[in-house]
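Inspection log for the structure reproduced underneath, given as structure tokens.
The values are calculated or read from the model by the stated rules, or taken from the named source; none is laboratory data. As the structure is a computational prediction, the values presented were derived from the model and not from experiment. For neighbour counting, all protein chains shown are included, and Cβ atoms are generated from backbone atoms with ideal geometry for every residue, glycine included. When the accessible area is computed, the model is the full protein with side chains, heavy atoms only, and any ligands, DNA or RNA have been set aside. Shrake-Rupley method; radii C 1.70, N 1.55, O 1.52, S 1.80 Å.
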Amino acid sequence: MALEDTKTINSLQVLRGLAALAVTAGHTFAFTDNAGLVAFFDDFVLPYTFGVDAFFVISGFIMYYTSREKFGAPGYPLNFFRKRIARIAPMYWLCTLVIGTIYLAFGQLDGDIVKSLLFIPYYAPDGHIYPVLGVGWTLNYEMLFYFIFGLSLFFRPALAIAFVTTTISALVVLGYFIGSDNPVTWAWTRPIIMEFLFGVFIGIAYHKWGKTGNIWLALMLLALSIAIVPLTGYGIIPTIAFYDPRALQAVLLVFACASLIPWSWESRTPAFLIYLGNISYALYLVHPIVVRALKAVFKFDMPNSDVLGAIFIMLGITASIVAAHFMHNYFEKPVTAWLSGTRKRPIVQPT
């Protein structure tokens, strides 16, 4: 396609940042133990779990967007696996070990560190499936998708897309009809993994048609995506099997950002919003640690005070963004570059 195919899609980067911010805000609201504030955020602002769905759809799009010319290329699949592990694992391992050490110090460690580090789903003592770092449950799904998509890279494009589509769809169908009490098979057959596939399909559409530049349609889809969850909640949009309003919301948002917002608008994207997208992964992983630490020192009566709760929320979000800034620049970027082999080497001047 045209040269625009190689450009960074700033609006997607912004969406990634806002998704991480939504999750951070939602968790910070929850830590106030103020039912009124939590309900206000979830009902009138944005259900924070939308951020996870957006991450998954974006991930599917980006994997296709960056690999579309490399299906079947010798050596690329192994390189893909290496770079994905380099990108995801170090930050997650560090944050897991930090919060695991804190839990252990206070006698509160009740998870499996080894399975958490290896992205293996398991039942926590309360019966739910999540790792030591709670938000890491999404990375278990990410790693499953990377494994499936990485295998598809051994094939030519048409066969590769058929492989990804068939594998993910078969897992969901098996989960629906067979079911299992095993945490691995239960987790990895949930309908939520279809969101990665939807992202791949958006990537295919983008590769075929590019950006249409229809800003009015983009704005209409953005408005509809925001309205979908409350419309479903009030019964205006009916609920059917396999339908999750958050998934549809995420698909519309990613499609609008990837295919409809004109390049002229992309170039005017505020730099601070793009940067929020740059630090989104760090923000997603460090905010539980930051907010828990803040909660430990914030001894005021937040459940019964909207003002104190609001102060805690602002402090929690701000501190999380600051921590993410430092983690991104002084750990995530250099470690990822070193492990993926993209670190800049000093130029040796001839003597």
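For Cα pairs less than 8 Å apart in space and 6+ apart in sequence, what is the mean separation divided by the residue count of segment 104-230, i.e. the relative contact order in percent? Walk me through the numbers before you get to the answer.
Working: 87 pairs, mean separation 21.6, N = 127.
Relative contact order of segment 104-230: 17 percent.
Return the FRET efficiency for the residue pair residue 159, residue 205: r is the Cβ-Cβ distance, R0 is 25 Å, and the value is rounded to the nearest 0.05. For residue 159 and residue 205, the calculated efficiency is 0.85. Spatial offset of segment 306-326 relative to segment 136-194 amounts to 36 Å, using the alpha carbon center of each. The shape of segment 154-220 can be summarised by an equivalent ellipsoid whose semi-axes, obtained from the alpha carbon gyration tensor, come to 31, 17, 7 Å from longest to shortest.
Give me the number: length gained by fully extending residue 295 to residue 33, i.e. 0.36 nm times residue separation minus the C-alpha to C-alpha distance, one decimal in nm. Intermediate results must be reported in sequence, preceding the final value.
Values: separation 262, 0.36 × 262 = 94.32 nm, distance 1.06 nm.
Between residue 295 and residue 33, full extension yields an extra 93.3 nm.
Counting only protein chain heavy atoms and rolling a 1.4 Å probe, the accessible areas of 103, 130, 330 rank, largest first, as 330, 130, 103. When the alpha carbon gyration tensor of segment 56-196 is reduced to an equivalent ellipsoid, its three semi-axes come out at 30, 20, 10 angstrom, largest first.
Placing a label point 7 Å from the Cα of residue 339 along the Cα-to-Cβ direction, the residues of segment 61-84 whose backbone N falls under 14 Å of that point are 80-84.
Quick one: Cα convex hull volume of segment 108-167, Å³ per residue? Walk me through the numbers before you get to the answer.
Numbers: hull volume 4.7 nm³, N = 60.
Cα-based convex hull of segment 108-167, divided per residue, equals 78 Å³.
Note down the relative contact order for segment 166-206 as a percent, whole number, built from C-alpha pairs under 8 angstrom at least six residues apart. Don't skip to the answer; put the middle values down first.
Details: 22 pairs, mean separation 17.1, N = 41.
Over segment 166-206, the number comes to 42 percent.
Once you charge only the Cβ atoms, +1 for Lys and Arg and -1 for Asp and Glu, what is the size of the charge dipole of segment 69-132 about its Cα centre, to the nearest 20 debye?
Working: 6 positive and 4 negative charges, 92 e Å.
Value, rounded to 20: 440 debye.
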